[in-house]
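Reviewing the structure listed below.
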Amino acid sequence: MADLYDTTYARSLAAPEAFWADAARAIEWDRPWDAVLDETRKPFYRWFRGGKLNTCHNALDRHVAAGLSGRTALIYDSPITGTAARFTYAELLDLVARFAGVLAERGVGRGDRVIIYMPMIPEAVVAMLACARIGAVHSVVFGGFAAHELAVRIDDAAPKAIVAASCGVEPSGIIAYKPLLDRAIEEARHKPSHCILVQRPMATATMVAGRDVDWTAAMERARAVPCVSVDAWDPLYILYTSGTTGRPKGVVRDNGGHAVALKWTMKNVYGVDPGEVFWAASDVGWVVGHSYIVYAPLLNGNTTILFEGKPVGTPDAGVFWRVISEHKVAAMFTAPTAFRAIKRDDPDGRLIRRHDLAGFRTLFLAGERADPDTVMWAQRHLGVPVIDHWWQTETGWAIAANCVGLGMQPIRPGSPTKAVPGWDLRVLDDTGAAVPRGQIGALVAKLPLPPGTLPTLWNAEDRFREAYLAEHPGYYKTADAGYIDGDGYVYVMARTDDIINTAGHRLSTGAMEEVLAGHPDVAECAVIGVGDEIKGQVPVGFLVLKAGVARPHATIAGEVVDMVRTSIGPVASFKTAMVVKRLPKTRSGKILRGTMRQIADSEAYRMPATIDDPAILDEIRLALKDVGYAKATGRPAAE
Ligand code: COA
Ligand code: AMP
């Protein structure tokens, strides 16, 4: 069946406009497009110029109109609170239309921004779709971010309203969100006019008179509103993701291309038909949650699962199998980290065998490199294909995957298989020349990118051009390094910038360095990502103190750990910092972070020819050894 993939892929590159016009027919448009691809502002390309549609209509109303009102749209399964609920398409539509009314009544309309700061509860999905319904632009902020990160996003997006919940529930306990929200609004220069708050019984929040509105009370009085027809190019959402500094990038997603591409992926990439149950065990705060908990499954008429829990500890490493068998999940999507945690707690897969997984067909992994051990373990114990696929917040859907709906290719653990139709992937060297097959270089995609990918960054077109388009003219820079082998299999090896991947979450070490540098005793610092058995990578900080500072090193290290937690958030998993006398540098003053990481991970490294003082590396090694890293010598590789 491999030829279906080959012919589809070839057609997508040879005739992209015809290819995506065909895919666009699966979406209901209020007005057809004038041009499939707009090339008038190269290198900024746009899809479906002049088309009008509504994403919420395509996700809900059209299915109800087609007689599917009784089909389950959303299953909320929350082992962490011991609750569950099901919503049919008609029920979800009713909630969304009424919450859209709540927003509209408060003056939120087309183009206005709404920040959503919520845990994994159904109201988060309702709020996202309600924004789409009235043409407002949502920006979901992950609950594990601290008040400062929320404040930065409030200032950038300038929302008219914020929708939040009183608390989240984590294995460590109840996390009160409202104090974080209040602090963020206090810190931000921009002030939203309204905050609509879901009061959860585990921790009710104090309301600010005149600004805060209770979700339940507002919904009781709300009037349902219809969908607003928006332009294909109107933004559907902004999702902030880590850049190389403390200033996150506001990735913009438009309505038209997004709906077309996501609907297309459900059958072609995931092999899932309307009516089947699809489960992405992620969070609505990440792109996977946007695309594959909310939009794609609903656009395709699937049942989607909103899971409020963890792969282990809620209550045990068997919870994924319980959910799959209880809700008859056909395909699941999660991060390799989740499987590493399950494998640690249930190495022989005993809990897997307690459940009937007969209807489960495919497991998809993404968000970080899927190590072959994890892929093989999952495949052995589940007895289904385990498909690694590679994508980014910016792309919104997979760049490389084993496209199940186009005939599965042989799985090669360590590779997310081949470029997905629409993606013209290349590997370039530093000079911009193509490297031979099998050789590592920068992974780039030839422009135009397919529909559904980022058209720009929010209020920052120059930054968009600079970050993604400038280095290799005519190509999109993924900032991942890797290679493509002779058979077209893609291998994604490492980021080329200072982004690290912790438990499938993308974090900027540069942003953490900015926080560390703000400590009054710190003269210089560096943060690197070091290997972690479960989370893939975790950040580790190095501090050089100002002359004359005599306070205990452990105290200062503890203080910077707290600073990262309160400034960026617990999601950073920043737990280790150490004081060193100096940082290793090149003679021109560049910190040798790569070499430090190799030492931490006990890898053989090449002594950098330009190193200022090689003796510093021994000091770094000893400091790392004290905290459990650099276990082997990691001697320099022979030249
Ligand atoms: N709200 C508030 N705090 C949150 C949060 C949220 N939504 N999500 C995470 N946190 C906190 C956690 O409580 C934890 O805090 P702690 O340091 O006080 O314990 C911290 O952020 C780190 O969380 P996490 O990365 O989830 O680590 P963990 O040690 O609690 O759990 C795993 C480890 C492997 C179970 C967990 O990382 C996991 O489920 N990973 C899968 C990741 C995933 O699905 N990614 C989506 C991409 S597809
Ligand atoms: P995010 O934007 O949070 O989705 O993170 C995107 C980054 O995660 C990519 O640029 C890669 O570095 C990494 N990533 C995602 N999926 C994979 C994968 N399947 N294999 C290797 N790296 C991946």
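Tell me which residues, restricted to the range 283-322, are within 12 Å of residue 333 (Cβ to Cβ), more than 12 Å from ligand 1 (Cβ to nearest atom) and part of a helix (DSSP H, G or I).
296, 297
Out of everything in the range 1-52 that is in contact with a Lys or Arg (Cβ under 7 Å, 6 or more places away or on another chain) and of a type in the set (Lys, Arg), what residue ends up being farthest from residue 235 (Cα to Cα)?
Step by step, filter the range 1-52, then rank; the result is 31.
Taking the condition of being at negative phi and part of a strand (DSSP E or B), how many residues in the range 442-481 meet it?
12
I'd like to verify a number: residues in the range 177-204 that are within 24 Å of residue 81 (Cα to Cα) and surrounded by fewer than 19 Cβ atoms within 10 Å (Cβ to Cβ), how many? Quick ask: steps written out before the conclusion?
Residues of the range 177-204 that are within 24 Å of residue 81 (Cα to Cα), as a first pass: 177-181, 196-204.
Now narrow it down to the ones that are surrounded by fewer than 19 Cβ atoms within 10 Å (Cβ to Cβ): 179, 199, 201-204.
Total satisfying the criteria: 6.
Assuming residue 257 fulfils every condition listed in (1) under 27 Å from residue 399 (Cα atoms); (2) in contact with a Pro (Cβ under 7 Å, 6 or more places away or on another chain); (3) assigned to a loop (DSSP other than H, G, I, E, B) apart from one, which condition is it?
(3)
Cβ-Cβ below 7 Å, separation at least six or inter-chain, first residue in the range 468-482 and more than 17 Å from residue 242 (Cα to Cα) and away from ligand 1 (no atom under 16 Å from the Cβ), second aromatic (Phe, Trp, Tyr) and outside any strand (DSSP E or B): which pairs?
Sorted first by the residue in the range 468-482, then by its partner, the pairs are 476/468.
Would you confirm, using the coordinates I've provided, whether residue 395 is at pLDDT 95 or above, buried (at least 21 other Cβ atoms within 10 Å of the Cβ) and in a strand (DSSP E or B)?
On the way: at pLDDT 95 or above: yes; buried (at least 21 other Cβ atoms within 10 Å of the Cβ): yes; in a strand (DSSP E or B): no.
In short, no.
If residue 246 satisfies every condition in (1) under 22 Å from residue 64 (Cβ atoms); (2) touching a helix residue (DSSP H, G or I) at 6+ places or on another chain (Cβ under 7 Å); (3) surrounded by fewer than 24 Cβ atoms within 10 Å (Cβ to Cβ) but one, which is the exception?
Among (1) under 22 Å from residue 64 (Cβ atoms); (2) touching a helix residue (DSSP H, G or I) at 6+ places or on another chain (Cβ under 7 Å); (3) surrounded by fewer than 24 Cβ atoms within 10 Å (Cβ to Cβ), residue 246 violates only (1).
Suppose we filter 485, 497, 480 for residues that are more than 12 Å from ligand 2 (Cβ to nearest atom) and charged (D, E, K, R); which single one remains? Can you show your working first?
On the way: 497 fails: more than 12 Å from ligand 2 (Cβ to nearest atom); 480 fails: more than 12 Å from ligand 2 (Cβ to nearest atom).
485 is the lone residue from the list that is more than 12 Å from ligand 2 (Cβ to nearest atom) and charged (D, E, K, R).
Return the only residue of 493, 408 being more than 16 Å from ligand 1 (Cβ to nearest atom), in contact (Cβ under 8 Å) with a residue 24 or more places away in the chain, outside any loop (DSSP other than H, G, I, E, B) and not hydroxyl-bearing (Ser, Thr, Tyr).
Details: 408 fails: outside any loop (DSSP other than H, G, I, E, B).
When all the criteria are applied, what remains is 493.
Hey, among 340, 369, which residue is under 27 Å from residue 494 (Cα atoms), assigned to a helix (DSSP H, G or I), within 16 Å of ligand 1 (Cβ to nearest atom) and in contact (Cβ under 8 Å) with a residue 12 or more places away in the chain?
Answer to the check: 340.
The values are calculated or read from the model by the stated rules, or taken from the named source; none is laboratory data. Because the structure is a prediction, the values reported are computed rather than measured. A quick note on method: Cβ atoms are made from the backbone with ideal geometry, for glycine too, and the neighbour counts reach across all protein chains shown.
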